[in-house]
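So the structure is just underneath, and the comments pick up after that.
The values are calculated or read from the model by the stated rules, or taken from the named source; none is laboratory data. This structure is a prediction, so every number in the text was calculated from the model and none was measured. Neighbour counts run over all protein chains shown; Cβ positions are idealised from the backbone, glycine included. In case anyone asks, the SASA skips ligands and DNA or RNA and just uses the protein heavy atoms, side chains included. Shrake-Rupley method; radii C 1.70, N 1.55, O 1.52, S 1.80 Å.
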Amino acid sequence: MTDGDLLQDRRQYVADSENRFVEELCELLRIPSISTRAEHAADVARAARWIAEKMRRAGLEAVEVITKEGQCPLVYGEWLGAGPQAPTVLFYCHYDVQPAFLADGWRSDPFQPVIRDGKLYARGAVDSKSHVMIQLHAVEAALAKGALPINVKYLFEGEEESSGAHILSFVREQPQKLHADYAVASDGSMPDRGQPALVYALRGIVSCELRVQGPARDLHSGHYGGNVHNPAQALCEILAQLHDENSTVTVPGFYDQVIELGETERAELAQALPWIEREWHEVTEAPQAWGESDYNLHERTGARPTLEINGIAGGYAEEGFKTVLPAQAIAKISCRLVARQEPAQILRLLADHIARLTPPTVTSELRSAGYGEPAVVLELGTAVMEAALTAYERAWGKKPLLLREGGSIPIVASFERELGLPMALMPFGYKGCGAHGPNEHVYLDMVQKGIHTMLHFYDELARQHAAAV
Ligand code: BES
Ligand code: ZN
């Protein structure tokens, strides 16, 4: 049988299994594996067991649900039948999701998947359970129709959206179990549904909570309004000083470790700009773009750090009215990081700056909110990156764009740091699919293309690796 026949066989298997593949994705989507809320710990564990069972049925071996007290399980599976000459690839996905409530504006229950116009709606559809299933269905198809040309290891995480603590310690403590030649993280989205795009850079992230305290307790705003500094107002005054009129972050030292893009890279990134601008308008529907005027939209999210207020709370904002002068107000803040910016150092700089901005009429406290990971820029031209580029081109019939992404996948930096693996990021979502928001969905044709991309990737990587050794 020729390589072409084999590929054809696998494609036929995928076509014949289409309905079952969608139904299996729906089954996983029905499990509310929300890692950011403790009351869903049992659901996260159930999703892990479901995936382990699916891995076994797909033909993977040494399948294991790796548990650790107080943390979400990892799921591991491997197939090493290609032999020691063939390369080994470590695949990463996450199966946990962000919270979702019908009241957030969902048209249907976020954990009861429904298909409308070729789109499958459910929390986790694009971020990132479709990626989990693309990986498992592709390897199932390959193993069902002859052997794989590469060895594969899968490590799926259940707390990417919260702390990432379990996988970070696992990678540090058990590097030998994850020994491989290459790594692939399959997650994320592209700016266009028909134009494939490969991501080579992710921003890092650090997050914190700012608490501003005024009086010891909530007060009557008639009695004390005018002589007690309202903490909600003080918080807004502090927050308003964190950016200047050019949308630049005012924290001293914030940009010290930022590396400016070279002219060549700027020119390359500009190639993807028309797609990114179109997507910006389509997805955001905001009246006008905002940000640093010296950088275009792609550069602002891909290569510049930011400080974002993710939420503000204080006082009474429910139905009706309460003439209260609140005792405290809080803001959740995160910074997206680039280049050599160190999460812990950025947090220190921000804490110092906020301490200086805090007026004597209130007190403030800035606390870390748990995660902190630096940015990553993957090396281009490696066998794994070349194989990914070719695989997308074959499956989508178009040369992929190369992008810098604004989002973060905390484990990617540590794969590079701890395991030293050349890596590729393989996203199959579309940015307009509502990740983290209401009515999250995934395009079923993109899922299908994702499976085909992976089938091409296995063959292509075996070839690229052989050529590189
Ligand atoms: N899938 C995203 C990350 C992502 C987004 C990658 C866009 C590539 C393109 C991931 O699930 C995510 O949302 N990560 C969080 C990490 C945070 C909670 C530590 C993020 O970026 O906000
Ligand atoms: Zn996410």
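Here is how the numbers come out for the structure above:
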| read-out | value |
| --- | --- |
| Scope the stretch 70-97; condition surrounded by fewer than 18 Cβ atoms within 10 Å (Cβ to Cβ) and either under 18 Å from residue 37 (Cβ atoms) or within 16 Å of ligand 1 (Cβ to nearest atom) (or both); matching residues | 70 |
| Residues of the stretch 114-136 satisfying the condition of being under 21 Å from the mean Cα position of the chain (by Cα) and away from ligand 1 (no atom under 16 Å from the Cβ) | 119, 120, 121, 136 |
| Residue 217 vs. criteria under 24 Å from residue 97 (Cβ atoms), of a type in the set (Lys, Arg), outside any strand (DSSP E or B) and open to solvent by 20 Å² or more (accessible area, probe 1.4 Å) | no |
| Residue that is farthest from ligand 1 (Cβ to nearest atom) [pool: residues in the stretch 323-367 that are touching a Cys at 6+ places or on another chain (Cβ under 7 Å), assigned to a strand (DSSP E or B) and open to solvent by 10 Å² or more (accessible area, probe 1.4 Å)] | 366 |
| Of all residues in the stretch 368-381 being among the hydrophobic types (A, V, I, L, M, F, W, C) and in a loop (DSSP other than H, G, I, E, B), the one that is farthest from residue 233 (Cα to Cα) | 380 |
| Options 149, 110, 99: the member that is under 24 Å from residue 63 (Cβ atoms), assigned to a loop (DSSP other than H, G, I, E, B) and not hydrophobic (A, V, I, L, M, F, W, C) | 149 |
| Some residue of the stretch 153-164 being open to solvent by 10 Å² or more (accessible area, probe 1.4 Å), closer than 25 Å to residue 440 by Cα, away from ligand 2 (no atom under 16 Å from the Cβ) and assigned to a strand (DSSP E or B) | no |
| For residue 249: the one exception among (1) under 22 Å from the mean Cα position of the chain (by Cα); (2) crowded, with 18+ Cβ neighbours inside 10 Å | (1) |
| The lone exception for residue 313 - which of (1) of a type outside the set (Val, Ile, Thr); (2) under 17 Å from residue 234 (Cβ atoms); (3) surrounded by 19 or more Cβ atoms within 10 Å (Cβ to Cβ) it fails | (3) |
| Unique match (being open to solvent by 50 Å² or more (accessible area, probe 1.4 Å), among the hydrophobic types (A, V, I, L, M, F, W, C) and not in a strand (DSSP E or B)) among 52, 42 | 42 |
| Answer residue from the stretch 399-422, given it is in contact with a helix residue (DSSP H, G or I) (Cβ under 8 Å, 6 or more places away or on another chain) and either in a loop (DSSP other than H, G, I, E, B) or small (Gly, Ala, Ser) (or both) and is nearest to residue 162 (Cα to Cα) among those | 414 |
| Odd one out for residue 306 among (1) in contact with a Lys or Arg (Cβ under 6 Å, 6 or more places away or on another chain); (2) at negative phi; (3) away from ligand 1 (no atom under 16 Å from the Cβ) | (3) |
| Residues (in contact (Cβ under 8 Å) with a residue 40 or more places away in the chain, more than 16 Å from ligand 2 (Cβ to nearest atom), in contact with a helix residue (DSSP H, G or I) (Cβ under 8 Å, 6 or more places away or on another chain) and under 27 Å from residue 123 (Cβ atoms)) located in the stretch 58-89 | 58, 60, 66, 68, 71, 73, 74, 75, 77 |
| Odd one out for residue 137, checked against (1) within 16 Å of ligand 2 (Cβ to nearest atom); (2) crowded, with 24+ Cβ neighbours inside 10 Å | (1) |
